[in-house]
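Since the structure comes first, as structure tokens, the remarks are kept for the end.
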Amino acid sequence: MIPRRSNAWKELEKRFKAFSDYAERKRAQDELKKLKMKNDNLDEYLAAFETHALHADIDMNDHTNLQTFALRLPRSLADAYIKMENPETYK
């Protein structure tokens, strides 16, 4: 029933906003599993990873999630990152 002084479209909009997408988290997790860096575009990869992680409700600072992030990087970029984190000297 639509309240007497209401508009049918307003009622539809109000009820639609109450709808929640329960599968959003699972879809985001699936997208994270498929995600890889393409065309050496690190910014695009970072944005996509963060967006999917947010929707999947995962902690970006968790060790396993950081590992998932690193595994999807090109090998040369991952190697360069490891060298930065573990320098041979501290000069």
Of the residues in the range 47-71, how many are part of a helix (DSSP H, G or I) and either more than 19 Å from Asp30 (Cβ to Cβ) or in contact (Cβ under 8 Å) with a residue 60 or more places away in the chain (or both)?
3
When you look at Asp21, is it acidic (Asp, Glu), farther than 15 Å from Ile58 by Cα, surrounded by fewer than 11 Cβ atoms within 10 Å (Cβ to Cβ) and at pLDDT 85 or above, yes or no?
no
Given the structure, is Ala48 small (Gly, Ala, Ser) and either loosely packed, with under 12 Cβ neighbours inside 10 Å or in contact with a helix residue (DSSP H, G or I) (Cβ under 7 Å, 6 or more places away or on another chain) (or both)?
no
When the range 72-91 is examined, which residues are found to be assigned to a helix (DSSP H, G or I) and at pLDDT below 80?
Leu77, Ala78, Asp79, Ala80, Tyr81, Ile82, Lys83, Met84, Glu85
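The values are calculated or read from the model by the stated rules, or taken from the named source; none is laboratory data. Predicted, not measured: the structure shown is a model, and the values here were computed from it. Please note: Cβ atoms are built from the backbone with ideal geometry, for glycine as well, and neighbour counts cover all protein chains shown.
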